[in-house]
Every structure is written in C-alpha cells, then in structure tokens.
Amino acid sequence: MHWIFLTVIICACFYDRTCAFAVNKPKVAIVVDDFGFSLVEAKKIADIDLPLTWAIIPYKSYSAKIAEMARNRGIPFIVHLPMQAYSDSDKGPFLVGVNMSYNRIRQVVRNAIWSLPGTCGLNNHRGSRATSDRRVMTAVIDEIAAEGLLFLDSRTSSNSVAFEVARKAGVPSARNRVFLDGDPDINVMKNRFAQLKKIAKKNGGAVGICHVRENTIIFLESIYKSAHPDVEFVTVPEYLENYPLGIEEE
C-alpha cells in the first residue's frame, strides 16, 4: 500500500513538472550522512534553514531520537545502512554483507527501516563491495521496493551496480555525484560544491553528500548565508519528483 501511494504521488509530480523542468533552475539536493552519534550536532544542522536530507545510521546511541527530531521538524530522512566494503573481513562493521543469503539481506534491510519510523528511503554507508554485487543489491532493492521507499546510491565504488538495479526495479532512485567534505578544508568543500552545481546545470539536477562534522556544519551555514540564484536547493524526495528514476548520465 505504501509503495502504491508513493508511486502515485511521484508519478503525478513527474508528469506535471517534466515539461517545465527544463526552464526552471537546476535542482541541487544535499544529503548529510552519519547522523546517530550526536544530538548536539543534529540540532545545529536542524537550525540551518536549508533544504537538506538526513541519512541516519540505525542502532546508534541517538538514532531514534534524531529521527524523531527530523519528523517533528519536517526534515526528510533516510536510513544510512552500513554495507560491506572491500576492506572488510567477513566480520567487518557492516549490516549487509556479500556472504548473506537473499532472505537474510532482506530481513536486515527491513529491520533497519522499521527501526527508524518515518524514513523515506535508504542509502549505503560505506559498502564498496556490497554495492558492486548484483545479487546483494537485488535483495536490498527488493526490500526497499516492498516498503515503498526511495534509494540513493552513495557511490562509494565506481563499480557500484546499485543505482542500475534500483532503476530496473522501478524504485525512485538517485546517485551521489560529489562527496563534498572528503577534505575538511572549507575552501575545498566550496570548490566541490561548485563542481556539484556545474553538474546540476549540465544535467538539470544533481545530488551531493556531506557528513555530520564540525567544519561541514560551518560550510552548510555558509551556503545558506550566500546567494545561489543559479540553482534551487531541494530535498531528495523533492528532487525525485522531477526524476523518479534518476538522471541518465554520460
């Protein structure tokens, strides 16, 4: 039922807005990863009057409280689900691993989603190995589809098949184009943000990812205080109203 409801809403928005999208400002959606460890930092980010999408790691000390904060403030959030990286052993710090069965992966994804009521979707935390495995991502995406949610490929690997699998399954999906704060220097972040805007102008829209970090909060505040008349900031759900199945990229 949730899947049908979300699909109807997104499809309706898609058909209403597609024709006008080309003459509108390019859309920029910024996702903030790694919520769950600090209520103080979550409150600081919540006070920034900029459309953002929060990605909350499940089962951390403050995951549930931060999800509640987001719900109360009308901030969309997604489950930031740990997945196996190439650097992980079989017992690495992940919830979804390549040696898990199809049913076990779906159960893990389902439990994580249910642990954060109100989530609108899911993206991967780390996961370079898991997102490069089509069998694994098929199980992940099948569960996301069953829950009627969206998916964001964090693109922690150039070999990721996650976005492709989600598109083929008809799941509203997008993929990260730029990690904005891989370097803590704010000037570097501004340069990467300029790169994200350039991509958005070329394609009509783009998604970028940053993290819950002290300098990143300063960076996000600077974006809010600066004029950016050449783009429109949107949340990921708003972004997908225009591109329910993402943007085909060269």
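The values are calculated or read from the model by the stated rules, or taken from the named source; none is laboratory data. The shown structure was predicted, so the numbers you read here are calculated from the model rather than taken from an experiment. Surface accessibility is based on the protein's heavy atoms, side chains included, excluding ligands, DNA and RNA. Shrake-Rupley method; radii C 1.70, N 1.55, O 1.52, S 1.80 Å.
Based on the inverse mean of 1/r over its pairs of different Cα atoms, what is the Kirkwood hydrodynamic radius of the range 21-161, in Å?
15.6 Å
Multiply the residue gap between LYS60 and ASN191 by 0.36 nm, knock off their C-alpha separation, and tell me the result in nm, one decimal place.
So the chain would gain 44.0 nm between LYS60 and ASN191.
How far is the Cα center of the range 30-77 from the Cα center of the range 105-174, in Å?
20 Å
Kindly identify the chain as rounded, prolate or oblate by the Cα gyration tensor criterion: order the square roots of the eigenvalues as a ≥ b ≥ c, call it rounded if a/c is under 1.5, otherwise compare a/b with b/c, prolate if a/b is larger, else oblate.
rounded
Compute the length gained on full extension between LYS202 and ARG110: take 0.36 nm times their separation in residues and subtract their Cα-Cα distance, giving the result in nm to one decimal.
Contour length minus Cα-Cα distance gives 29.5 nm.
Straight distance only, please: which lysines reach the Cα of LYS225 with their own Cα at less than 29 Å, same-chain residues fewer than 8 apart left out?
LYS25, LYS27, LYS43, LYS44, LYS65, LYS190, LYS197, LYS198, LYS201, LYS202
Which percent of the accessible area of the chain is formed by carbon and sulfur heavy atoms (probe 1.4 angstrom)?
Using a 1.4 Å probe with all protein chains present, the chain comes out at 52 percent carbon and sulfur.
What translational D, rounded to a whole number of µm²/s, comes out for the range 112-158 from Stokes-Einstein when the hydrodynamic radius is the Kirkwood one over Cα pairs, at 25 °C and 0.890 mPa s?
219 µm²/s
Accessible area per residue, 1.4 Å probe, Å², for the chain: what's the number?
Normalised by residue count, the accessible surface of the chain is 46 Å².
For the range 144-223, just the Cα atoms, rotate onto the principal axes and tell me the three extents in Å, largest first.
Taking the Cα atoms of the range 144-223, the three principal extents are 40, 27, 23 Å.
List the residues whose amide H sits under 5 Å from the amide H of VAL96, counting only those 5 or more places along or on another chain, with H placed 1.01 Å from N in the peptide plane.
MET83, GLN84
Per 5 Å bin, what is the whole-percent P(r) computed from every C-alpha pair distance within the range 86-197?
For the range 86-197, the binned pair fractions read 2, 12, 20, 22, 18, 12, 8, 4, 1, 0 percent.
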